[in-house]
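So the structure is just underneath, and the comments pick up after that.
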Amino acid sequence: MTNVDVHQHLWSPSLVTALRSRREPPYLDGWTLYLDGEPPYDLPPADHDVSLRAELAAADGLGLALVSLSAPIGVEWLPAAEARPLLDAYHEGAAALPRPFGAWAAAGVRDIDAKATAQALDQGFVGLQLPANALADAAGYARCAPLLDLLEERGLPLFVHPGPAAGGFEGPGWWPAMVPYVQQMHAAWFAFRAHGRPRHPRLRVCFALLAGLAPLHGERFAARGGGVSTQADPLVFVETSSYGPRAVESVVRALGVDSVVQGSDRPYAEPPQHPGHGLGGAAAYAFRIANPRRLLTEAPDQGQVN
């Protein structure tokens, strides 16, 4: 009966050191992050202090907080020779995190290496995170197929997270999070339906930030989809990070309460004050306990709502 947050980020000393060793984006200069496509970002060191974050997780009532590599950084898209030291540093640090932390593995998507990903998963990661812009079309699914085959073989889930914002940065600081990230998730949601599910019928998958609200386009999909069924896929989940009661309730109406899991995106966003997003105790139990259990283990929840 563990309360789960499926979406957090926590940079270990090994990852910080690896990013500071670089001189081209992505890299850290002290605690300032430099990326292509986004303005420089100052990271508060306390956000990545393991002891302080463990205290926050306890205060949130979490039994399990899943961290992942921040895909917008763009590590997964680097050439293998550049990506491998960063991926190794991430896996080393994430695997060593104490409870209540667990972690998603990461993988390069420019140069696919299923063997290296299998070795990472062997360290006890709950599944694999991939950037949404690597899974936005048929070509992306063809390229990433060896990684998704590996997850199916092992019965492990996929977590789809926004990747790097494209192009040079122009505009207000909130633009990448509100436009490219959301667009990527929207495309990834429908690309999975068109290309991912037919190729990977047993794959469990969770889309970050309510899949960019793509599920709310079900009526348009029904009108333009040539009679294709809009029934919710029982192996597909969306997590709630950065959204509140109005968006969550709308997605529940579109997909059903069994498709939503709790994710906070801490430290970049805060968890909701009311875990059920105003939908009551049964919804809170589903989002925090029952649905994450099915996502992570495929096992039905046997508990009762108190």
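The values are calculated or read from the model by the stated rules, or taken from the named source; none is laboratory data. All of these numbers come straight from a predicted model, not from anything done at the bench. We place every Cβ from the backbone using ideal geometry, glycine too, and count neighbours over all the protein chains shown. Ligands, DNA and RNA are excluded from the accessible area calculation, which covers all protein heavy atoms including side chains. Shrake-Rupley method; radii C 1.70, N 1.55, O 1.52, S 1.80 Å.
The table that follows gives values for the structure above.
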item: HN-Hα J in Hz across the stretch 148-161 - Karplus 6.51, -1.76, 1.60, θ = phi - 60°, x for Gly and Pro; result: 6, 4, 4, 5, 4, 4, 8, x, 10, x, 9, 10, 9, 10
item: Candidates per trypsin sites (Lys or Arg not before Pro) in the stretch 1-64, loop by DSSP, up to 13 other Cβ within 10 Å; result: 23
item: Built amide H within the under 5 Å cut-off of residue 102, gap 5+; result: 65, 66, 67
item: Listed residue (133, 215, 63) projecting farthest to the positive dipole end of the chain, Cβ model; result: 215
item: Cα-based shape type of the stretch 208-268, given that a ≥ b ≥ c are square roots of the gyration tensor eigenvalues and the cut on a/c is 1.5; result: prolate
item: Separation between Cα centres of the stretch 128-197 and the stretch 231-294, rounded to whole Å; result: 20
item: Long-range HN-HN contacts of residue 38 with modeled amide H, under 5 Å; result: 169
item: Three-way shape label, the stretch 139-277, alpha-carbon gyration tensor, a/c 1.5; result: rounded
item: Estimated inter-spin distance, residue 232 and residue 118, nm [label 7 Å along Cα→Cβ]; result: 3.5
item: Chain lengthening between residue 270 and residue 2 when straightened (0.36 nm per residue, less Cα-Cα); result: 94.5 nm
item: Residue 297 accessible area, assembled protein chains, probe 1.4 Å, Å²; result: 80
item: Sites excluded, GluC sites (Glu not before Pro) in DSSP loops with at most 16 other C-beta within 10 Å, longest stretch of the chain; result: 1-169
item: Ordering of 107-114, 241-248 by burial proxy (mean other Cβ atoms within 10 Å per residue, highest first); result: 107-114, 241-248
item: Sites residue 219 and residue 258 - FRET efficiency at Förster radius 22 Å, r taken between beta-carbons, to 0.05; result: 0.60
item: The chain - mean residue ellipticity at 222 nm from DSSP helices (-39,500 (n - 2.57) per run, n ≥ 4, rounded to 500); result: -10000 deg cm²/dmol
item: Shape category assigned to the stretch 62-209 from the gyration tensor of Cα positions, a/c cut at 1.5; result: rounded
item: Additional length obtainable on full extension of the chain from residue 17 to residue 80, 0.36 nm per residue less Cα span; result: 20.8 nm
